[in-house]
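**Student:** Please read through the structure below; I'll follow up with questions.
The values are calculated or read from the model by the stated rules, or taken from the named source; none is laboratory data. Note that the structure is a prediction, hence the values are computed from the model and not measured. Here the Cβ positions follow ideal geometry from the backbone for every residue, glycine too, while neighbour counts run over all protein chains shown. Please note that ligands, DNA and RNA were not included when accessible areas were found on the heavy atoms of the full protein model with its side chains. Shrake-Rupley method; radii C 1.70, N 1.55, O 1.52, S 1.80 Å.
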Amino acid sequence: ANDGTIRLGSRVTVRWDDGGDEESWILVSPEEAHPTGGRISTDSPVGHALLGSHVGDTASVHTPDGELAFTIVNVH
């Protein structure tokens, strides 16, 4: 049963808080990661921030360019 919790294999759509752009990714194991192909590792900063989250949650990640925040808009 899918209770809406983000976990390995989840397809997640997020909206970046800085510009409103949406992106979709699939959370995969580090061995399967292909960021430019929309497959992000559960070990990556974004993947780590997403795990265990739900639609409507906000999360932020530290990047070389500073803090980036996003809101989860869909989990499927």
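**Student:** With a 1.4 Å probe and every protein chain left in place, work out the accessible area per residue of the range 36-76 in Å², rounded to a whole number.
**Tutor:** For the range 36-76, the per-residue accessible area is 56 Å².
**Student:** Can you give me the relative contact order of the chain as a percent, contacts being Cα pairs under 8 Å and 6 or more apart?
**Tutor:** That works out to 35 percent.
**Student:** How much net charge surrounds Asn74 when only the other residues with a Cβ under 10 Å from the Cβ of Asn74 are counted, with Lys and Arg +1 and Asp and Glu -1?
**Tutor:** +1
**Student:** Roughly what percent of Cα-Cα pairs across the range 9-76 reach past 17 Å?
**Tutor:** Summing the P(r) tail past 17 Å for the range 9-76 gives 36 percent.
**Student:** Once neighbouring chains are kept in place and the probe is 1.4 Å, which whole percent of the accessible area of the chain is contributed by carbon and sulfur?
**Tutor:** Roughly 49 percent of what the probe reaches on the chain is carbon or sulfur.
**Student:** Round to a whole angstrom and tell me the spacing of the C-alpha centers of the range 42-76 and the range 1-23.
**Tutor:** Comparing the Cα centres of the range 42-76 and the range 1-23, I get a distance of 8 Å.
**Student:** Using a cut-off of under 16 Å, list every residue of the range 41-76 whose amide N is near the label point 7 Å from the Cα of Thr13 along the Cα-to-beta-carbon line.
**Tutor:** Taking a point 7 Å out along Cα→Cβ of Thr13, the residues of the range 41-76 whose backbone N falls under 16 Å are 54-57, 71-76.
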